[in-house]
Each structure stands twice: as C-alpha cells, then as structure tokens.
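The values are calculated or read from the model by the stated rules, or taken from the named source; none is laboratory data. Remember, predicted model here, so these are calculated numbers, not experimental data. Note that each Cβ is placed from the backbone with ideal geometry, even for glycine, and that neighbours are counted across all protein chains shown. Ligands, DNA and RNA are excluded from the accessible area calculation, which covers all protein heavy atoms including side chains. Shrake-Rupley method; radii C 1.70, N 1.55, O 1.52, S 1.80 Å.
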Amino acid sequence: MSVTAEQKIPTGNREDEIQIYDLHKSFGDLEVLTGIDLTVHRGEVVCVIGPSGSGKSTLLRCVNLLEQPTKGRVFILNEEITDPDADVDHLRTLMGMVFQSFNLFPHLTALENCTVALTQVKRMSAAQAREVGMENLHKVGLGDRGDSYPLQMSGGQQQRVAIARALSMDPELMLFDEPTSALDPELVGDVLSVMRDLAAGGMTMMVVTHEMAFAREVADRVIFMDGGVIVEQGPPSEVIGSPKEERTRTFLRRVLDPTHVETPDDEPSKGQSTPPEPPVTGRPHRPAIFGH
Amino acid sequence: MTATTVETPRKKKLSPRKRARRMRIVQYGALVVLLLIGVLFIDGHQVQQVFFRPDMIAKTLTSNLPLAFFNTVAFTAGAFVFGLVGGTVLALMKLSQVGPYRWLATIYVEFFRGVPALIVLLTFGLLPLALPGLKIPLDPYGTVWTALGLVSAAYMSETIRAGIQAVPKGQIEAARSLGMPAGMATRKIVLPQAFRIVLPPLTNELVLLTKDSSLAYVLGMTVQGYDLTKYGKDLTNTHSNLTPLMMAGLCYLVITLPLTFLVRKMEARQARSK
C-alpha cells in the first residue's frame with residue numbers, strides 16, 4: 001500500500017459507490033492487473049473497453065470479490081470489501097452481477113431464479129418474493145415467461161432473466177461482464193435496450209463490453225484498459241471519438257474495422273488503412289503491444 | 001488369362017448395398033439353422049418339466065414368495081439409502097479443502113471397491129463373534145444394510161463427486177454474487193443439479209444393488225429373512241426342480257426392468273436438454 005493511496009482513503013463521500021485503490025491481481029506468475037485506481041459515482045455508467053486479456057473482466061470480478069485481489073483495496077459504499085473481516089455476503093447483495101454466459105440456475109424457473117436469493121438470503125416471504133420477482137421480470141419484458149425454465153428460452157431472454165434476477169435483490173449498483181458477448185447478433189438489441197432503460201433510471205453501472213455503439217451512447221465515462229492498467233479514460237466522445245493514446249487508437253481501429261489485420265511491419269503511426277486483406281479464418285495476428 | 005483376373009472384376013461389380021443384402025441373408029439363414037437345431041434336438045416337454053413345472057410354479061407362488069420379494073426389496077432399499085448418504089458424505093470429503101478428509105475418503109473408496117461384497121457381508125455377519133457385546137439392530141436387515149451400504153457408498157461417492165464437479169463453476173459464482181454463503185450455494189444450487197446429473201448412474205447402481213442383495217444368503221438366517229435367491233434355491237433343493245429358481249429370477253426382472261427402462265428415459269431426457 002503506497003502512502004498516496006493511503007491518504008486517499010476513505011473519502012467518506014456517499015456519492016462514491018465503488019472506490020478502487022492500487023489494485024493488483026496475479027494468477028501465478030501472470031500479472032493481470034498492475035495498479036488500478038478507479039472511483040465510480042452514484043448514478044454513473046462506466047463502460048470498460050479493451051482487448052481480450054487486458055484484465056477488464058478481472059477488474060470487475062475483483063469489485064465483488066469473485067476474484068481475491070493480490071494487493072490493493074476496494075470499497076463498496078465506503079465499506080471495505082477487501083477487509084478480511086468484511087461481511088462479503090452482505091456487500092454482494094448490494095451489487096447485482098450479470099455474467100457473459102448468463103449462469104441462470106437451470107433447475108429453477110425464471111421466476112424462481114429471481115426469488116431464490118430473496119427467500120434464502122433476505123428471508124423474504126414466498127408471496128412477497130414472488131411479487132418482487134414478477135415485477136422485475138416485467139421490467140425486462142418477460143412478465144409472461146415466469147414459469148419457463150432457462151433452457152426453454154433464447155439466449156437473449158436468458159440474459160434478461162439474469163438481469164431481472166440481479167435487480168430483484170434491489171442492488172445499489174450493477175456489474176455487467178460482457179453481457180452480450182455470448183449472444184447471437186439479432187438478440188443483442190433486446191438486452192442492450194434493457195440496460196439502456198436501467199441507465200436512464202439512474203442505476204450505477206459498471207459495464208465491461210465490446211459494444212462500442214452502446215458505450216458511446218450510454219456511458220458517462222469510458223475506460224480503456226490494456227496490459228492490466230487504465231490507459232485512458234474520459235467521456236465517450238473523447239475516448240472513442242478522438243482517443244489521445246496510440247494504444248487506444250490501435251484497439252479501436254481493430255474493433256471498428258474487423259477486416260483490418262495488423263501485420264508486424266504495419267507501423268501503427270501510419271494510421272492510414274492497409275489494403276483490404278482476405279477474411280481471416282484463424283486467430284488474427286496480434287501486434288506485439290498486446291503480448292503482455 | 002488367369003483365374004484371378006477373371007474373378008476380380010466380378011467381385012468389384014458387387015455394390016455395397018448388394019453386399020449388405022447378402023450379409024443380411026446369411027444372418028437370417030444362421031438364425032433359421034439355430035432354431036431348427038433347437039426344435040429337433042431339444043425336448044420341449046422335458047425342459048418345461050425341469051424349469052417351468054406348473055405345479056411347482058403354483059407352489060413357489062403360494063408358499064412364501066411375497067415375503068422373499070419384500071425382503072429383497074427391503075435389503076436393497078435400505079442399503080441404497082445407506083450408500084447414498086455415505087456416498088454424498090464421501091464425495092464432499094473428497095472435494096474438501098482439508099487434506100486428511102480427502103485421504104480418508106480415498107482410502108475408504110479404494111478399500112471397499114477392491115474387496116468382494118461377499119467378504120464384507122460375511123465379516124459383518126460374524127462380527128458378533130469378535131465383539132461379543134455387539135448387536136446390530138434389526139437383524140438381519142441391519143447387517144445387510146450396513147455391509148452392502150458400506151460397499152455401495154464407495155461406488156456411489158465417485159459418481160456423486162463427478163456429478164458435483166460437472167456443475168459449472170459459474171453456478172457457484174452466480175449464487176455467491178447474489179449474496180449466498182458457500183454452504184447455502186452448495187445446498188440450494190450445486191447439489192440439486194449434481195443429483196439431477198447422477199440420477200441415471202445412481203439408478204444403475206440400484207439395479208446392481210438389487211442383484212447383490214442375493215448375497216445376503218451367506219448370513220444363514222431364518223426363513224423370515226430369506227431373500228428371493230435363497231428362497232428359490234431352498235425350494236429347488238427340496239423338490240429337485242429348477243422351477244422355483246427360475247421364478248426367483250423372473251422376480252428380479254420385475255424389479256430391475258422398470259428401473260433400466262427409467263434410466264433410458266432419463267438419459268434420453270438429459271441428452272435432449274443439452
């Protein structure tokens with residue numbers, strides 16, 4: 001813990017819902033996060049973008065301690081979740097999490113997915129839990145599918161049930177881990193529109209995503225991560241519209257123009273388009289910059 | 001021109017479909033020959049007299065079959081419940097963070113999978129000799145339940161452990177992210193799914209156990225404790241006729257065939273839901 005990080009703690013500001021100080025995470029010898037400082041304010045929508053392997057999902061999973069950070073401190077609503085004595089289970093009820101692969105409970109109906117934690121964790125009565133669950137299923141447009149089992153639903157519907165399940169706990173903030181990456185393209189829109197409604201309703205959201213259009217439209221702040229650090233952050237118009245950092249520009253070029261393939265002698269500074277390449281069947285070649 | 005060069009083109013003319021048809025004809029032909037041998041050389045009446053004599057069928061049915069049937073089912077059901085509970089505990093021990101629990105479970109499983117069930121049963125039957133004060137309750141049921149249960153727990157624990165590990169890690173993560181403590185996530189989310197996965201193999205274990213319950217005869221008990229095999233064997237010895245034993249065999253099929261049918265249904269359903 002560096003002295004400067006120590007001085008910043010705690011802010012005691014109720015408007016700061018997530019505070020992350022000097023966060024490190026390693027898996028064995030592999031350093032995934034190397035010193036992240038980040039504060040997410042109440043009602044703010046923060047989109048985290050970056051190449052795969054940049055640590056953005058790990059950062060999100062450290063916030064609700066699904067991953068134990070190697071070093072650093074994380075505060076949720078000014079309570080330290082990384083404190084060994086913290087009531088982690090209680091703090092987790094304050095933040096909803098939505099996973100890339102939905103992770104709905106397949107042995108429970110859509111409604112039961114929403115109510116199981118209410119009755120078990122919050123000790124709510126079955127009738128009351130049912131009411132809350134139905135209300136949230138309606139919110140995501142699936143009020144008529146309460147009795148369906150997850151496997152009877154499309155991916156988009158499953159992900160919306162997952163959002164309803166998280167919302168049923170009445171969380172203070174929501175974490176989204178690439179919520180649309182596992183979906184067929186035509187199903188992405190429904191999930192994003194639910195998330196758009198949530199953001200409009202003032203929910204604090206931290207979203208790891210590859211949906212640049214969504215980030216540009218909904219995010220209050222975009223964070224570009226690469227190699228385990230935050231490279232650049234700011235309003236979407238700046239980070240996506242006119243990025244300052246070369247790494248951000250390289251990434252956005254690859255994401256926004258998928259046919260563009262970098263070659264080793266392709267100087268990023270050239271900037272101008274390379275001649276169109278034939279479609280790549282295998283893994284596209286990665287410039288050395290991503291080889292951390 | 002040699003014979004082979006004449007033969008080769010003719011063989012090549014045989015299309016795969018024609019060859020398959022010829023194979024089918026050969027197979028049916030063999031079947032007909034076997035049936036003919038059976039009809040010609042087996043004296044149907046004699047066979048019936050030894051294996052299915054009508055008056056012996058009646059005698060088997062009326063003398064004490066329901067009790068024997070009940071005993072077989074009771075031995076099996078009790079041992080299965082014992083094995084299921086023990087197997088779940090062993091599976092959780094094998095997945096424990098605490099080393100000694102894992103070692104103990106491993107030793108147990110390897111021991112009871114490697115020793116014949118017959119020896120375990122005999123040991124438990126003779127245990128009162130070694131420990132004079134010991135009295136296993138509900139004899140002979142208690143003895144059979146314990147001995148066969150201990151053996152099947154070893155087999156079932158491996159199945160259950162595989163089932164628990166087959167539940168995706170994301171399920172625990174989702175449960176924990178909703179604020180569930182680890183124990184609650186295991187009970188409410190992981191175990192229900194694990195048992196759904198292992199239901200077909202566990203039912204197979206129940207079929208095996210039904211047949212293994214015939215080992216109970218080594219305990220040398222009273223008529224009241226006879227299971228189907230012992231009952232049939234006794235009558236067969238008394239009357240020098242195999243009909244009672246055949247009847248006992250049919251009774252096993254009455255129990256096991258619905259179970260195997262159930263397993264096939266469950267497996268088909270699981271295959272569909274994937």
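Could you tell me how many of the residues in the range A:225-251 are open to solvent by 10 Å² or more (accessible area, probe 1.4 Å) and closer than 19 Å to A:GLY53 by Cα?
Summing the residues that are open to solvent by 10 Å² or more (accessible area, probe 1.4 Å) and closer than 19 Å to A:GLY53 by Cα in the range A:225-251 gives 10.
Of a type outside the set (Ser, Thr, Tyr), in contact (Cβ under 8 Å) with a residue 40 or more places away in the chain and more than 14 Å from chain A (Cβ to nearest Cβ): does that describe B:ASN241? Lay out the reasoning, then the answer.
Numbers: of a type outside the set (Ser, Thr, Tyr): yes; in contact (Cβ under 8 Å) with a residue 40 or more places away in the chain: yes; more than 14 Å from chain A (Cβ to nearest Cβ): yes.
The answer is yes for B:ASN241.
I'd like to check something: does the range B:194-202 contain any residue that is open to solvent by less than 40 Å² (accessible area, probe 1.4 Å), aliphatic (A, V, I, L, M) and within 14 Å of chain A (Cβ to nearest Cβ)? Spell out how you get there, then give the answer.
Applying the first criterion (open to solvent by less than 40 Å² (accessible area, probe 1.4 Å)) to the range B:194-202 yields B:194, B:198, B:200, B:202.
Checking which are aliphatic (A, V, I, L, M) leaves us with B:194, B:198, B:202.
Of the ones still in play, those that are also within 14 Å of chain A (Cβ to nearest Cβ) are B:194, B:198.
Yes, the conditions are met somewhere in the range B:194-202.
Among the residues of the range B:121-156, write down those that are open to solvent by less than 60 Å² (accessible area, probe 1.4 Å) and not in a helix (DSSP H, G or I). So that I can check it myself, show each step before the final result.
Just the residues of the range B:121-156 that are open to solvent by less than 60 Å² (accessible area, probe 1.4 Å), to begin with: B:121, B:124-125, B:127-128, B:136, B:140-144, B:146-154, B:156.
Correct list: B:ILE136, B:PRO140.
Could you check the range B:119-133 and list, in sequence order, the residues that are closer than 15 Å to B:GLY149 by Cβ and in contact with a helix residue (DSSP H, G or I) (Cβ under 7 Å, 6 or more places away or on another chain)? Give the steps one after another, and end with the answer.
Residues of the range B:119-133 that are closer than 15 Å to B:GLY149 by Cβ, as a first pass: B:120-121, B:123-125, B:127.
Matches in the range B:119-133: B:VAL120, B:LEU121, B:PHE124, B:GLY125.
If a residue has to be touching a Phe, Trp or Tyr at 6+ places or on another chain (Cβ under 8 Å), open to solvent by less than 40 Å² (accessible area, probe 1.4 Å) and more than 8 Å from every other protein chain (Cβ to nearest Cβ) to count, how many in the range A:111-127 make the cut? Working first, answer last.
Kept after step one, since they are touching a Phe, Trp or Tyr at 6+ places or on another chain (Cβ under 8 Å), are these residues of the range A:111-127: A:112-113, A:116.
Right, trim to open to solvent by less than 40 Å² (accessible area, probe 1.4 Å) and you get A:113, A:116.
From the residues that got through so far, the ones that are more than 8 Å from every other protein chain (Cβ to nearest Cβ) too are A:113.
Within the range A:111-127, residues that are touching a Phe, Trp or Tyr at 6+ places or on another chain (Cβ under 8 Å), open to solvent by less than 40 Å² (accessible area, probe 1.4 Å) and more than 8 Å from every other protein chain (Cβ to nearest Cβ) number 1.
Do the conditions hold for B:THR159, that is, is it away from chain A (no Cβ under 14 Å) and hydroxyl-bearing (Ser, Thr, Tyr)? Walk me through how you get there before you give the answer.
Working: away from chain A (no Cβ under 14 Å): yes; hydroxyl-bearing (Ser, Thr, Tyr): yes.
For B:THR159, the condition - away from chain A (no Cβ under 14 Å) and hydroxyl-bearing (Ser, Thr, Tyr) - is met.
Could you please find all residues in the range A:163-181 being more than 15 Å from B:GLY179 (Cα to Cα), among the small types (Gly, Ala, Ser) and open to solvent by less than 10 Å² (accessible area, probe 1.4 Å)? Lay out the reasoning, then the answer.
So the first thing to find is which residues in the range A:163-181 are more than 15 Å from B:GLY179 (Cα to Cα), and the list is A:163-164, A:176-181.
With among the small types (Gly, Ala, Ser) added as a condition, the list becomes A:164, A:181.
A:ALA164, the sole residue that qualifies.
Tell me the residue from B:ARG161, B:ARG176 that is modelled with pLDDT of 90 or more, charged (D, E, K, R) and within 30 Å of A:CYS114 (Cβ to Cβ), please.
Numbers: B:ARG161 fails: within 30 Å of A:CYS114 (Cβ to Cβ).
It is B:ARG176.
Only helices (runs of 4 or more DSSP H) wholly contained in the range A:14-124 count here; list those with 3 or more residues that are in contact (Cβ under 8 Å) with a residue 40 or more places away in the chain and not polar (S, T, N, Q). Steps first, please.
Values: elements: A:56-63, A:88-93, A:110-120.
Qualifying helices (runs of 4 or more DSSP H): A:56-63, A:110-120.
When the residues of the range A:66-95 are narrowed to those that are among the basic types (Lys, Arg) and in contact with a helix residue (DSSP H, G or I) (Cβ under 8 Å, 6 or more places away or on another chain), which ends up surrounded by the fewest Cβ atoms within 10 Å (Cβ to Cβ)? Step through it out loud before you land on a result.
Keep residues of the range A:66-95 that are among the basic types (Lys, Arg), which gives A:71, A:73, A:92.
Pick out the ones that are also in contact with a helix residue (DSSP H, G or I) (Cβ under 8 Å, 6 or more places away or on another chain) and you get A:73, A:92.
Details: A:ARG73: 20, A:ARG92: 24.
Filtering first and then ranking leaves A:ARG73.
Restricting to the range B:171-188, and then to whatever is within 9 Å of chain A (Cβ to nearest Cβ) and polar (S, T, N, Q), can you tell me which residue is nearest to A:ARG123 (Cα to Cα)?
Ranking the qualifying residues of the range B:171-188, first place goes to B:SER177.
Wholly within the range B:54-117, which helices (runs of 4 or more DSSP H) include no fewer than the required count, namely at least 2 residues that are modelled with pLDDT under 90, surrounded by 13 or more Cβ atoms within 10 Å (Cβ to Cβ) and aliphatic (A, V, I, L, M)? Working first, answer last.
Details: elements: B:54-63, B:65-94, B:99-114.
Here the list reads B:54-63, B:65-94.
What is the one condition in (1) within 30 Å of A:GLN157 (Cβ to Cβ); (2) open to solvent by 30 Å² or more (accessible area, probe 1.4 Å); (3) within 14 Å of chain B (Cβ to nearest Cβ) that A:VAL98 does not satisfy?
(2) is the only condition that A:VAL98 fails.
For the range B:157-175, which residues satisfy the criterion of being open to solvent by 60 Å² or more (accessible area, probe 1.4 Å) and closer than 24 Å to A:ASP170 by Cβ?
Matches in the range B:157-175: B:ILE172 only.
Could you check the range B:166-192 and list, in sequence order, the residues that are touching a helix residue (DSSP H, G or I) at 6+ places or on another chain (Cβ under 7 Å) and not in a helix (DSSP H, G or I)?
B:VAL167, B:LEU178, B:GLY179, B:MET180, B:PRO181
Of the residues A:VAL208, A:VAL191, A:VAL222, which single one is open to solvent by less than 10 Å² (accessible area, probe 1.4 Å), under 15 Å from the mean Cα position of the chain (by Cα) and more than 17 Å from A:ILE49 (Cα to Cα)?
Numbers: A:VAL208 fails: more than 17 Å from A:ILE49 (Cα to Cα); A:VAL222 fails: more than 17 Å from A:ILE49 (Cα to Cα).
It is A:VAL191.
Taking the range A:35-56 as the search range and keeping residues that are open to solvent by less than 10 Å² (accessible area, probe 1.4 Å) and β-branched (Val, Ile, Thr), which one is farthest from A:ALA200 (Cα to Cα)?
Residue satisfying both the conditions and the ranking: A:ILE36.
Please work out if B:VAL198 is within 16 Å of the chain's Cα centre (by Cα) and part of a helix (DSSP H, G or I). Reasoning before the result, please.
Numbers: within 16 Å of the chain's Cα centre (by Cα): yes; part of a helix (DSSP H, G or I): yes.
It is true that B:VAL198 is within 16 Å of the chain's Cα centre (by Cα) and part of a helix (DSSP H, G or I).
Determine if the range A:131-147 includes at least one residue that is open to solvent by 50 Å² or more (accessible area, probe 1.4 Å), within 11 Å of chain B (Cβ to nearest Cβ) and free of Cβ contacts under 8 Å to residues at least 12 places away in the same chain.
Within the range A:131-147, none of the residues are open to solvent by 50 Å² or more (accessible area, probe 1.4 Å), within 11 Å of chain B (Cβ to nearest Cβ) and free of Cβ contacts under 8 Å to residues at least 12 places away in the same chain.
What's the number of the condition B:THR236 fails, among (1) within 24 Å of the chain's Cα centre (by Cα); (2) part of a helix (DSSP H, G or I)?
Of the numbered conditions (1) within 24 Å of the chain's Cα centre (by Cα); (2) part of a helix (DSSP H, G or I), the odd one out for B:THR236 is (1).
In the list B:ALA153, B:ALA130, B:ALA105, which residue meets the criterion of being of a type in the set (A, V, I, L, M, F, W, C) and touching a residue at least 60 places away in the same chain (Cβ under 8 Å)?
Values: B:ALA130 fails: touching a residue at least 60 places away in the same chain (Cβ under 8 Å); B:ALA105 fails: touching a residue at least 60 places away in the same chain (Cβ under 8 Å).
After ruling out the rest, the residue left standing is B:ALA153.
Which of the residues that make up the range A:165-186 are within 14 Å of A:PHE99 (Cβ to Cβ) and not in a loop (DSSP other than H, G, I, E, B)? Spell out the reasoning first.
At the first step, the residues of the range A:165-186 found to be within 14 Å of A:PHE99 (Cβ to Cβ) are A:165-166, A:174-183.
Selection gives A:ARG165, A:ALA166, A:MET174, A:LEU175, A:PHE176, A:ASP177.
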